[in-house]
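Working notes, structure below.
The values are calculated or read from the model by the stated rules, or taken from the named source; none is laboratory data. These numbers were taken from a predicted model, which means no experiment stands behind them. All Cβ positions, glycine included, derive from the backbone under ideal geometry; neighbour counts span all protein chains shown. Side chains included, ligands, DNA and RNA excluded: accessible areas come from the protein's heavy atoms. Shrake-Rupley method; radii C 1.70, N 1.55, O 1.52, S 1.80 Å.
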Amino acid sequence: MAEKKATKAAAPKAAAKKETVKKAAAPKKATAKKDDFVINAETVGFKAGDVYNALASANKALSVAEIAKAAKISNEETLLGLGWLLKEGKVKDDAKKLTLA
């Protein structure tokens, strides 16, 4: 009878080890990157609005990185929005910084 008790006690420990191995081996879920967005007239227009609002609230010339930080968007999205605004004549450059026209 002593042998039966020993096997019963060993079984839960083995099961616990198997569970931890299964959890560690589980694949990680892929997360979407913030940089992935659709480039079309609507989304670029929204980025242009974000850039315009960041420049309007600053009331001074800002660099691309400063605009991106203020608008909470990436540098690439900032450049897309700036392209739109430059085409419309809404912004102008001022010694490597941009201001509203």
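Key figures
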{"quantity": "Residue that is nearest to N40 (Cα to Cα) [pool: residues in the range 50-70 that are free of Cβ contacts under 8 Å to residues at least 24 places away in the same chain and open to solvent by less than 50 Å² (accessible area, probe 1.4 Å)]", "calculated": "A68"}
{"quantity": "Where K47 falls short, out of the listed (1) farther than 30 Å from T99 by Cα; (2) at pLDDT 55 or above; (3) part of a helix (DSSP H, G or I)", "calculated": "(1)"}
{"quantity": "Residues that are of a type in the set (D, E, K, R) and in contact with a strand residue (DSSP E or B) (Cβ under 8 Å, 6 or more places away or on another chain), drawn from the range 48-92", "calculated": "K60, K90, K92"}
{"quantity": "Selection status of A41, open to solvent by less than 70 Å² (accessible area, probe 1.4 Å), out of contact with any Pro (no Cβ under 8 Å at 6 or more places or on another chain) and either among the aliphatic types (A, V, I, L, M) or modelled with pLDDT under 60 (or both)", "calculated": "no"}
{"quantity": "Number of the condition not met by A30 [criteria: (1) hydrophobic (A, V, I, L, M, F, W, C); (2) at pLDDT below 60; (3) assigned to a helix (DSSP H, G or I); (4) open to solvent by 90 Å² or more (accessible area, probe 1.4 Å)]", "calculated": "(3)"}
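Table: residues versus (1) of a type in the set (F, W, Y); (2) over 21 Å from the mean Cα position of the chain (by Cα); (3) at pLDDT 95 or above.
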| position | (1), (2), (3) |
| --- | --- |
| N53 | no, no, yes |
| K60 | no, yes, no |
| E76 | no, no, no |
| K87 | no, yes, no |
| D94 | no, yes, no |
| K97 | no, yes, no |
| A101 | no, yes, no |
